[in-house]
Amino acid sequence: MRDDRASRIIMHVDMDAFYASVELRRRPELRGRPVIVGGYPRGVVLSATYEARAFGIRSGMASGQAVRLAPNAVFLDPDFDSYTAVSAGIAAVFRSVTSVVESASIDEAYLDITGALRMFGSRMGMGMGMGMGVGRSGGEGWGQTPAGIGEYVRAVVADEQQIACSVGIGPTKFVAKVASKQAKPDGLVDVPPDRVEAFLHPLPVEAMWGVGAKTAERLHNLGINTIGELAHTPRGGLRRTFGPHAGGMLRELAWGRDGRQVVASEPERSIGSQETFGADSDSDAVIRRELLRMADKTAGRMRKASLVGRTVTISVRFADFADLTRSITLPSATDVTEEIYAAALGLYERLRLDRPRIRRVGVRVEGLVPIEKACLQPTLLEPELGWRDADHAVDAAIGRFGSGAVRRAVLTQRISRPPAPDWQPRSSRSEGG
């Protein structure tokens, strides 16, 4: 076991083209083709396969621009419930290695494996590594080195979720983050403390976490092109250009110094769904129907997670991109679609909007607690079998026969969307957009 690393051992795990990778699991015939997950014809790119990225397509790009760059790309609607479920499975893999897991987003996390290396190295190496082969850990068996643990995580994620991830390991969060970026796609880079400068300094400044296009341009104007040149730039000059805080931080990071600790993430405290319309709508019927659809999806996800909550929030985005949110706290916690929808509809009606053009609506329930710890207060007039029982019966049918098995009649009517091009296969639309 490597014991020459006196500092913390931080691992950054980043899924490769996460949304697109999840979609390819159920559409293997699309492997090798440029695939884009995002709204079409209006919206933005949420994820793109590496085949699509070869055309210059990036996350956050407008879908129209992506079509012009790759006219033969396949557009798929996002399915956020699937992505959340896969993310939860991946998080469980992380927690099997260490309890110190900090979720940075749905598709990346930091792990402090300092203690895991000491406590589980030999057990993981002998019990798991030998049966699965040896990765880039120098032939010592998975788990006996930082790289061994990283390869173990990558192997289990690939085996259980059928998607690839890239891993960076270093003495700080910054170094681990830069390392995982250099490891993409589907690789691992381990940077011991005595190799930090050799690893960082040849890289361009654009490789640094937090350095965007504008900051990189300003650094280039100062004659600074590599991280090594940044590290050797006088602190005073950087502070004059970027300010005392940012200038000092840039120089510290260039030496790999980062005092941030991995902080174990709190469990999710809210669940919600939102829908961006294919065209702005001023139809009251459409808005009400989509609020019901979002309440239905949100409540279903809560029941699946065995969570209930009291605070219902709606979000409305108008055609001019102005956002508005309103919340109400219910007398008791619930996971019932009708109760969540009634609260959401009441919030919407109290806005007293005069046929505004709306781009997106969402429903979220906050302050979640496990159902076994909640007090669900029945009313005196509540029937023996009520909406909660109906919801659970619907959930059981969907679980057995699929998402289209049972559906509210009003929700069989979808909002109108411009037709997709003939060459574009349509996926089943997720309401959690």
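The values are calculated or read from the model by the stated rules, or taken from the named source; none is laboratory data. Here the structure is a predicted model, which is why all the values come from computation and not from measurement. Counting neighbours? That spans all protein chains shown, and the Cβs are built from the backbone with ideal geometry, glycine included. These accessible areas exclude ligands, DNA and RNA; they are computed on the full protein's heavy atoms, side chains included. Shrake-Rupley method; radii C 1.70, N 1.55, O 1.52, S 1.80 Å.
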For K181, go through the lysines and keep the ones whose alpha-carbon is under 28 Å away, minus same-chain ones fewer than eight residues off.
K173, K214
Prolate/oblate/rounded call for the stretch 144-187, Cα gyration tensor, a/c under 1.5 rounded:
oblate
Accessible surface, 1.4 Å probe, highest first, among residues F75, F321, F242
F321, F242, F75
How would you order 62-69, 301-308 from highest to lowest mean count of nearby Cβ atoms within 10 Å?
301-308, 62-69
Semi-axes (Å, rounded, descending) of the ellipsoid equivalent to the stretch 152-259 per its C-alpha gyration tensor are 30, 14, 11
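Can you pull the Rg over Rh of the stretch 32-118, Cα-only, Kirkwood? Provide the component values of the computation, followed by the final result.
Numbers: Rg = 16.7 Å, Rh = 14.7 Å.
Radius of gyration relative to Kirkwood radius: 1.13.
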